[in-house]
Amino acid sequence: MNFLDLSLNDNEWGNLMFGEKAPLTLPSDSLQASWCGTSGKSLAAQTVAFYKLIKRSYEQHTGLPIKDAKLLDFGCGWGRIIRLFLKDIVPEKIYGCDVDSDILNWCKSIPGNFAVSETRPEKLPFSVDFDLIYAFSVFTHLGKETHMDCLKALHAGLRLGGILIVTVRPKEFIHSRGIEMKNLSDADVDNLLRKFDNGDYVYFPYNMAPVRGEIPYGDTVIPKKYILDHWQSLFDVIEFSPFAADPMQVSVVLRKK
Ligand SMILES: C[S@@+](CC[C@H](N)C(=O)[O-])C[C@H]1O[C@@H](n2cnc3c(N)ncnc32)[C@H](O)[C@@H]1O
């Protein structure tokens, strides 16, 4: 099926791809929720909103049409976002990677190029100069060293002037004791809030094996000040805004220097 020929607007397209007659197989509601925090119609609405944000940001900040972009979904999971780009971009220019080979099995039926990536990568698993890379709810989970390894690999994989869009957590995530932070004491939460206000990297690792000396995955809140202080040698920060469709994500739009 050639999805490029469909004359649907973005919302109609989202309803098709996440509806009962979806042309590509969808995981069960429980797998969707375990991977993305929610499922069904609410996940579909959030996914379409992020897809529209990516397209708008790319076209606005480069002046180029999305249809010409070589695109990478970094930490693509079961491919819920990347499948929407089949309406805009030929599959030859669509790429996705994730560290988890089991979840990547869900991407096998999605036209495009998929590969397993390293947890602490020195480079991306594709030899491509990307125009656009996005990572939804990936930098919301990475350890400090791991996040810098990923950021450098993404920088190396983008063409000069290419666009990177990631999400990070708002301060409210600490206040509301999101995910594994639910077991923290009041004193621990106050301590993390102080770190956030100082512009420090806030990270609460999960109980798992370290990779090159760091537990790579947990709950992460990166303050805007940290991004301005530590990411700007690689990228210009061109937008930092709450993501209306999910109050626990903030979208950050960056341009490769
Ligand atoms: C919360 S899920 C989000 C998945 C997907 N981006 C989405 O929004 O549906 C986080 C994803 O990041 C992946 N991940 C974890 N560590 C990673 C790393 N170091 N590099 C790339 N992906 C990673 C996980 O396997 C998982 O698929």
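Where a number appears in this text, it was derived from the coordinates with a stated rule and is not lab data. Computed from a predicted model, the values in this text were never measured in an experiment. Here the Cβ positions follow ideal geometry from the backbone for every residue, glycine too, while neighbour counts run over all protein chains shown.
Below are the figures for this structure:
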read-out: Spin-label pair residue 245/residue 101, simplified geometry with 7 Å Cα→Cβ offset, distance in nm; value: 3.2 nm
read-out: Residue-wise HN-Hα coupling along the range 76-91, computed from phi with Karplus coefficients 6.51, -1.76, 1.60 (Hz; x: Gly, Pro); value: 6, x, 8, x, 5, 7, 5, 4, 5, 6, 5, 6, 10, 10, 5, x
read-out: Residue 123 paired with residue 38, simple spin-label distance in nm, labels 7 Å along Cα-to-beta-carbon; value: 4.0 nm
read-out: Aspartates and glutamates with Cα under 16 Å of residue 256, excluding same-chain neighbours fewer than 8 positions away; value: 59, 129, 131, 149, 229, 236, 239
read-out: Calculated FRET efficiency for the pair residue 29/residue 5, C-beta based, R₀ 41 Å, to 0.05; value: 0.85
read-out: Pairs from 55/225; 52/87; 144/224 whose Cα-Cα separation, in the structure shown, is over 20 Å; value: 55/225
read-out: Nearest-0.05 FRET efficiency for residue 198 and residue 64, computed from C-beta distance (R0 45 Å); value: 0.70
read-out: Simple spin-label estimate for residue 236 and residue 190 in nanometres, 7 Å along Cα-Cβ; value: 4.3 nm
read-out: Contour excess over end-to-end distance, with Cα ends at residue 180 and residue 52 and 0.36 nm allotted per residue; value: 43.1 nm
read-out: For the range 1-137, alpha-carbon Rg and Dmax in angstrom; value: 14.2, 41
read-out: Most fluctuating residue given options 74, 173, 139, as computed from a GNM of the chain linking Cα atoms under 10 Å; value: 173
read-out: Antiparallel content of DSSP bridges confined to the chain, in %, to 5; value: 55 percent
read-out: Taking 200, 88, 102, 236 and counting other C-beta atoms within 10 Å, the order from fewest to most; value: 102, 236, 200, 88
read-out: Debye-sum result for the range 3-256 in log10 I(q)/I(0), which assumes one identical scatterer on each alpha carbon, at q = 0.07 Å⁻¹; value: -0.22
read-out: Once the Cα gyration tensor of the range 53-101 is diagonalised, semi-axes √(5λ) in Å; value: 20, 11, 9
read-out: Length added when fully stretched, residue 109-residue 209, from 0.36 nm per residue minus Cα-Cα; value: 32.9 nm
read-out: Dimensionless Rg over Rh [the range 15-62; C-alpha; Kirkwood]; value: 1.07
